[in-house]
Every structure is written in C-alpha cells, then in structure tokens.
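Working notes for the structure below.
Coordinate-derived values only; no laboratory data. Note that this is a predicted model, so its numbers are computed, not measured. Note that each Cβ is placed from the backbone with ideal geometry, even for glycine, and that neighbours are counted across all protein chains shown.
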Amino acid sequence: MRLTRYFLPVLKEAPAEAEIVSHRLMLRAGMIQQLAAGIYNWLPLGFRVLKKVERIVREEMDRAGAIEILMPTIQPADLWIESGRWDAYGPEMLRVLDRHERRMLYGPTNEENVTDIFRRHVKSYRQLPLNLYQIQWKFRDEIRPRFGVMRGREFLMKDAYSFDLDAEGARRSYDTMFVAYLRTFRRMGLTAIPMQAESGPIGGTMSHEFQILAKTGESHVFYDQAFEEIDFSAAELDIEKLKSLYAATDDKHDPARCPVPPERLRTGRGIEVGHIFYFGTKYSKPMRATVTGPDDREIEVEMGSYGIGVSRLVGAIIEAHHDEHGIVWPESVAPFRVGLVNLRPDDPSCTAMAEELYARLCNAGVEVLYDDRDERAGVKFATMDLIGLPFQITVGPRGVKEGKVELKERKSGARTDLDPEALLARLLA
Ligand code: ATP
Ligand code: MG
C-alpha cells in the first residue's frame, strides 16, 4: 500500500480526553475516530488490526471444534421475556420499538437467540456435543464508556455457546474453551491469567475471566505469585495446574477465605479480555431446549457461554506493547509487516530502489506500507515509529550509492545495513 494513496489520518497531539496510552495511540495513529460516546469508526489501519485479531480468534475457535454462525444484532423482546431477562437486564440494554410498536433490542449478548436456534433443530443426544459461535457487534449502554475501545458501548465480541447432555460433558466443553482461550491470547503476544469470577447477568455456577495484567486495567485482581513462574508459551499447558492456582477478581476474592498466604498473594489491575461461563440449564429450562437421551427421556441440555472482547483486545495489545515513540505491534496482529520509507522520492536512484523493493515484497505476499510521500525524513520516521510496524526499511541516497538499505526492527531498535538481496532473504526467510 502506497501511503500517498492510503488513508492514514495521524494526529500530532492526542486529544485531551484520552486518558490511557492505548486510547491516545489509537487516536494518534489514525486507527479509530469517535462518533458518539463509546461508539467508534474504525479507520483503515485500525480495521486491519481488528481483522487480524478476529482471524486469530476464529482460527482457535475452529481448531477447538466450535462452529461459526452469524446472528443478528437486533433481537425481538419475546425471547428475552421467555428467559426472564427482559426484566432482569438493566439499563445497559438498548431497547427500541419498530414501526409496528414491537419491542426489540440491540443484543448485549446472545444466549436466548442461540438457544432458540438449538431447540428448533437439535432433537437427539446423538447431535451433541455442539458449540456454536459468532463474531458480532454488541451494544451495552455502559454508564461510563471510556478508554476508547476498551469500554465502548458498541463493541465486537466473539461469543460461543456450548450444548451438552450432562454436567460432565459440559465441563469438558468448558475446559476445551479454557485451553483455546490461552492459545488465542498467547498468539497475540498476551499473557492472560485465568481467574475465578462472578458470572453477573449471564448467570451460572462456574466462571473464569481472562485478565491481562496492566496498570490501566479496570478490574482489581488477586493472584498467587506462582503464576509468575508459569511458562504460558509451553506447547502443552497444564490446565489442571492453572485451574488449581488461586486467582480471583475482587468481587470473588474473599481475604478471609483466600488459600494463598499473604506473602505469596499478588494484587494488581487487569484488563478482562475474555470470560467463560458454565450455567447448566439456566436457559434450556425456561426455553425448553431439550433432547431425547439414550433412554428416550427428555433432557434439558447443559450450556455454557464463552466471550472474547475482540475490539477491546486491540487496545489491550497496545497497553502491553508500546514504548515512548508509539505502538510496537506483535507480528501476528500488525496492520502491515513492513514499513518502507523512501527518504527522497525526488531522487531517481532512491525511487528506483524503493519501487523495486516494494514490488518484490508485495509479490512475495508481504504486507508493506510504502511511505512514498514528499515529506521530511523526521516526519516519516516518527510516523513509522508511531504506527509500530515490526520492520522498517529505509532507502536513502547515501546507502543507495553503496547499494545498501537500512533494516530496523521496531521492537529492539536494532538497525542493519543490507544489500537488497540480503534484505529480501532476511524478510522472506
Ligand atoms: P466488564 O466487566 O468489563 O464490563 P463483562 O463482564 O460485562 O465486562 P462479558 O459479558 O463477560 O463482559 O463479555 C465478554 C467480553 O466482552 C468481556 O470479557 C470483554 O472482553 C468484552 N466486553 C464486555 N463489555 C465490553 C465493553 N463495554 N467494551 C468492550 N469490550 C467489552
Ligand atoms: Mg465478564
């Protein structure tokens, strides 16, 4: 992508209302733009990251055996009256009337809708276990939308729903999601600690939140320092061990009953990026979602639901990966892998070299953002550092004379002068 043809509205100054670093950087890097409180436009650079995060989430859900569907954002009130949540859900739910005065809502979550799909089509225990998921926008009329996409009112969520014949099967489904979550966050360069949590308006008996430790997090968390020794990058994660270690959010933490001695108990703040629930028959009972069991009896299915904050993750990743110059994207979610800077578009030899590199990288399938603007070098470097692409290539007159270009790794800042062939070999390895 040529920057002269792209739409990258970077800002010199972060607007005053942005309180935390990820919000400031997303605005400055031209990733998002607020339309109304907690409601954002995703501009091209931000949208590319959102899509990459979404893709990782999708791949790990598919790998875990969940099946993707898409449910509408607008739902009829009837289903929520059936489950009892029309009255139970508070002012976070955005309720609307259609032209026939029928009560509708913008979905804050989809348990009722998916239970309705299930009960219409699944009749036998032989069709279980089943896990259906979607990646869809949600609306919650949060009392205090803030921190940009971290606490929006409209936000993108992955929500999965499992159906099992019995509690043992439901626990297996829960554990499968538990592992998939750890893998998902790890692929984005995040360490998410699973913590015992309250299940809130979703309801249920067992629940874990996945929390990224960060000073700017909104959750107060308590955890065994043993978590600091866990290798979250290990190929095989010991889920029993992870579940047995103590970690809890403040609404669940009880100092009187905490099994961890004070000297081993850590406290801090976390960003909740995922939340999983086992709630048994909370929805299948009132909504009559049953299957016939092996002995021909009607059985209410055991359910769980599993959320990931896809749009919140974009902010959370930046909280974990930035420095004083800007964002430092992990490769897996970077909007482009390489930033190519032509320092002198007016110099034919520089431009010939930059164009050749651009063409060859693109042909090899590398995502390149090519700064071909007529701008000062300082502005170009600052923009590249701000948007945080993993690799920067600089083509300038001095190097070109010697047949060299510079490769800089954004994360370490390490720079190397390379001839173009060596550079391509390195990036395409
Ligand atoms: P929170 O405690 O942060 O309000 P929640 O517990 O109400 O979140 P869940 O119902 O567990 O949210 O939703 C699943 C996931 O969706 C959360 O783990 C979070 O990552 C994300 N999420 C929830 N609310 C928001 C929001 N207002 N803006 C962005 N992401 C959100
Ligand atoms: Mg939650």
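When the helices of the chain are scored as -39500 (n - 2.57) per DSSP H run of n ≥ 4 and the total is divided over every residue, the value at 222 nm lands at -9000 deg cm²/dmol. Where Lys and Arg each count +1 and Asp and Glu each count -1, what net charge lies around Ile81 among other residues with Cβ under 11 Å from its Cβ? Once positives and negatives cancel, what remains is -2. The translational diffusion coefficient of region 31-151, from Stokes-Einstein at 10 °C and 1.306 mPa s with a Kirkwood hydrodynamic radius over alpha carbon pairs, comes to 95 µm²/s.
Put one equal scatterer on each alpha carbon of region 317-376, apply the Debye formula with no solvent term, and list log10 I(q)/I(0) at q = 0.26 1/Å to two decimals. Here log10 of I(q) over I(0) equals -1.01. Which of the three applies to region 336-428, rounded, prolate or oblate, going by the alpha-carbon gyration tensor with a ≥ b ≥ c and a/c under 1.5 meaning rounded? Taking the square roots of the gyration eigenvalues as a ≥ b ≥ c, region 336-428 is rounded. Checking the Cα-Cα distances for Lys215/Lys241; Lys52/Lys123; Lys12/Lys252; Lys243/Lys285; Lys252/Lys411; Lys158/Lys241 against a 31 Å cut-off, the pairs over it are Lys52/Lys123; Lys12/Lys252; Lys252/Lys411.
Hey, could you grab the Kirkwood Rh for region 281-388? Inverse mean 1/r over distinct alpha carbon pairs, Å, one decimal.
It works out to 18.4 Å.
The distance linking region 59-87 with region 115-164 is 4 Å (Cα centroid to Cα centroid, whole angstrom).
When the Cα gyration tensor is reduced to axis lengths a ≥ b ≥ c, the ratio a/c is 1.5 or higher for region 127-178, and with a/b above b/c it is classed as prolate.
Taking a ≥ b ≥ c as the square roots of the eigenvalues of the Cα gyration tensor of region 175-282, is the shape rounded (a/c under 1.5), prolate (a/b larger than b/c) or oblate? Rounded. With one equal scatterer per alpha carbon and no solvent term, the Debye-computed log10 I(q)/I(0) for the chain at 0.07, 0.08, 0.12 1/Å reads -0.41, -0.53, -1.03. The packing ranking of peptides 299-306, 6-13, 81-88, 142-149, highest mean first, is 299-306, 142-149, 81-88, 6-13, where packing means the average number of other beta carbon atoms within 10 angstrom of each residue.
Here the dipole of region 3-323 is about 1080 debye; that uses its Cα centre as origin and unit charges on the Cβ of Lys and Arg (positive) and Asp and Glu (negative). Per-peptide packing, taken as the mean over residues of other Cβ atoms within 10 Å, places 18-25, 94-101 in the sequence 18-25, 94-101 from highest down.
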